[in-house]
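Trainee: Mind having a look at this structure? Questions to follow.
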């Protein structure tokens, strides 16, 4: 069954120094993500899909207010469970639908093969898009450090070492040679919450150097190919 989430999402470009500072500061107020490893982080790999005209890519570049992206995502290179996700943006508001797949199902989707749709909804929609020409566009890798706060379901994430593999889109390969997608010393801060950002969280973030920017890791990685 599809899992749906809709909330605010604010992004900032920050330095690695600021990211390291926040890694020490945030645990004093927020909890580390339950999936984090011993160092507090975990690895994410996403395979983004787009149509032959790269509509999602160009809509982001031109600032279209309402946009949709599709991706397959898994964690710590464990592709036994892969999530098919549809992410919708409307200004600062974001909605995400997510369906867990087996590795076998995910590979079938990646290759554009027919498979039983299972539940109606996102999976069925994505199968139709694949038949209509949707294809893997780019692989996006990064290390994430995530922190949560119970009031307003706040989630603060720090994304470091964002990388991609030019001209190769088989994200299920264990041997991709990736290159950095951000400027040297750059990281990404994302702040997600429901109706409002609680004052304690706002206070812990307000004095750190940051530049609000609609950072898209998908666009950053795909832009390398231009």
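Quick note: the coordinates plus some simple rules give every number you see, no bench work behind them. Nothing here was measured: the structure is a model prediction, and the numbers come from that model. Cβ coordinates were reconstructed from backbone atoms using ideal geometry, including for glycine residues, and neighbour counts include every protein chain displayed.
Trainee: In which sequence would 115, 77 go, from the one with the fewest C-beta neighbours within 10 Å to the one with the most? Mind showing how you got there, number by number?
Mentor: On the way: 115 16, 77 12.
Ranked by crowding around the Cβ, least crowded first: 77, 115.
Trainee: Report which label in (1) 23, 22, 18; (2) 34, 18, 15; (3) 29, 19, 18 holds the value of semi-axes √(5λ) of the Cα gyration tensor in Å derived from the coordinates of this structure.
Mentor: Matching entry in (1) 23, 22, 18; (2) 34, 18, 15; (3) 29, 19, 18: (3).
Trainee: Now for a different question. I need the calculated FRET efficiency for the pair residue 104 and residue 24, taking r as the beta carbon distance and R₀ as 41 Å, to the nearest 0.05. Intermediate results must be reported in sequence, preceding the final value.
Mentor: Working: r = 42 Å, r/R0 = 1.02.
For R0 = 41 Å, the calculated efficiency reads 0.50.
Trainee: When the chain is fully extended, how far beyond the present Cα-Cα distance does residue 128 get from residue 36, taking 0.36 nm per residue of separation?
Mentor: Values: separation 92, 0.36 × 92 = 33.12 nm, distance 3.49 nm.
Gain on extension, residue 128 to residue 36, equals 29.6 nm.
Trainee: Which length gain, in nm to one decimal place, applies between residue 43 and residue 15 when the Cα-Cα distance is subtracted from 0.36 nm times their residue separation?
Mentor: Full extension of this stretch gives 8.1 nm more.
Trainee: Could you work out how much longer the chain between residue 194 and residue 6 gets when fully extended? Use 0.36 nm per residue separation minus the Cα distance between them, nm to one decimal. Intermediate results must be reported in sequence, preceding the final value.
Mentor: On the way: separation 188, 0.36 × 188 = 67.68 nm, distance 0.77 nm.
Extending this stretch completely gives an extra 66.9 nm.
Trainee: Right, next: For helix 122-131, report the angle its Cα long axis makes with the longest principal axis of the Cα atoms of the chain; keep it between 0 and 90° and round to the nearest 10°.
Mentor: Around 50 degrees separate the two axes.
Trainee: Order 187-196, 207-216 from most to least packed using the mean count of other Cβ atoms within 10 Å.
Mentor: Packing proxy ranking, top to bottom: 187-196, 207-216.
Trainee: Estimate the FRET efficiency between residue 68 and residue 214 by the formula 1/(1 + (r/R0)^6), using the beta-carbon distance for r and 25 Å for R0, to the nearest 0.05.
Mentor: It comes to 0.95.
Trainee: I've got another one for you. Take residue 151, project a point 7 Å from its Cα along the Cβ direction, then tell me which residues of the range 172-199 have their backbone nitrogen under 15 Å from it.
Mentor: Correct set: 193-199.
Trainee: Let me ask you something else. How would you classify the range 143-226 from its alpha-carbon gyration tensor, with a ≥ b ≥ c the square roots of the eigenvalues: rounded for a/c under 1.5, else prolate if a/b is greater than b/c, otherwise oblate?
Mentor: Verdict is prolate for the range 143-226.
Trainee: What's the FRET efficiency of residue 93 with residue 173 using the Cβ-Cβ distance as r and R₀ = 45 Å, to the nearest 0.05?
Mentor: E(calc), rounded to 0.05, equals 0.80.
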